[in-house]
1. What does the convex hull of the Cα atoms come to per residue for segment 32-110, in Å³?
2. May I ask you to give the solvent-accessible area per residue for the chain, in square angstrom, as obtained with a 1.4 angstrom probe?
3. Given points 7 Å out from each Cα along the Cα-Cβ axis, report the Trp253 to Val33 separation in nanometres with one decimal.
4. Using only the alpha carbons, work out the radius of gyration and Dmax of segment 231-308 in angstrom.
5. Over the Cα atoms of segment 133-223, what radius of gyration and what Dmax do you get, in Å?
6. Per the Kirkwood treatment, what hydrodynamic radius in Å, one decimal, follows for segment 4-150 from the mean inverse distance over all distinct Cα pairs?
7. Any chance you could tell me what percent of the C-alpha pair distances in the chain go past 26 Å?
8. Rounded to the nearest 0.05, what FRET efficiency do Tyr320 and Arg223 give with R0 = 45 Å and r taken as the Cβ-Cβ distance? Could you check?
Amino acid sequence: MKVPLLDLKPQYEQLRPALDAAVMRVAASQHFVLGPEVAALEAEIAAFCGVAEGVGLSSGSDSLLAVLMALGVGPGDEVITTAFSFFATAGSIARLGAIPVFVDIDPDSLNLLPEAAAAAITPRTKVILPVHLFGRMCEMDRLMAVAARHGLPVVEDAAQAIGAEAGGIAGGRRAGSFGIAGCFSFFPSKNLGAWGDGGMAVTGDADLARQLRVLRQHGSEPRYIHSVLGGNFRLDALQAAVLRAKLPALPGWTDGRRRNAARYRAGFAARGLLEHVATPQDAPGHIYNQFVIRARGGSRIRDDLRAWLSARDIGTEIYYPLPL
């Protein structure tokens, strides 16, 4: 039996009537960029995350970039973040001429350590940018306390974490609702995936939302008057319509991911494999964008395991082969 790393066909079959209707609705409207579908998705995602504003953008990467632009990050500024993430986390910082300041991660959660972030703050620090890696949230109550002491904004890279919830004293709050903004990716492999690229920034700051809407249109406000240098960061109506059709199913899919994670964890334990691999720690609100195991004994053991699985048609990937 072939077990691919990702197979989106069952998801399509589950929602085929709603997805097909969404596509035809956009076709009938002939409104393909921004417009009412995007506005409706913005409101729905904002409500899902528990914040006031959503701004549809062209990708998760562009969401990070646009938020940092809106916050005035530029040459010589420092942004504290993690080295264990997808390239876009640090790339969005470096693209603005700013300096990614990498700090250590917790060896269990693999997320940025709040105390390491605190130790890295300098007079040039402009933003703290944590990543909710693999669908598990950072310790946001502690990190927000660090940021508050130093008067720094926090931008959440929540690309892998839509619907993830924090435990601790802030239990029940969702990813994207803690910092000044949260940035999501709708790449097809994400828990809520579009049929192409797409992203969104959510925020409780109405002025920041307004700035992002200006920046996504080349800095134009009003039309053809460019007060700032922005970019083409717009979300397509077709992607918004697809995401709107999928969003009601997301809580059920999250429950399924958590059940699968529990089954994996129990299976590893029952077969005595935990001396050879470390499974991801469970936590309240973990949504498992991936189920990432670590081989004890280094990369050779890991690569041997991957080859063994590949020979049996079981798909895997390394997240991530190199730190940033």
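1. 123
2. 47
3. In this crude spin-label approximation the distance works out to 2.7 nm.
4. In order Rg, Dmax, the Cα atoms of segment 231-308 give 17.9, 53 Å.
5. 14.6, 46
6. Evaluated on segment 4-150, it is 17.9 Å.
7. Of the Cα pairs, 48 percent sit more than 26 Å apart.
8. With R0 = 45 Å, the Cβ-Cβ based efficiency is 0.65.
The values are calculated or read from the model by the stated rules, or taken from the named source; none is laboratory data. Bear in mind the structure is a predicted one, so any value in this text is a computation, not a measurement. Don't worry about glycine lacking a Cβ; one is built from the backbone with ideal geometry, like all the others, and counts go over all protein chains shown. Calculation scope for accessible area: heavy atoms of the full protein, side chains included, ligands and nucleic acids excluded. Shrake-Rupley method; radii C 1.70, N 1.55, O 1.52, S 1.80 Å.
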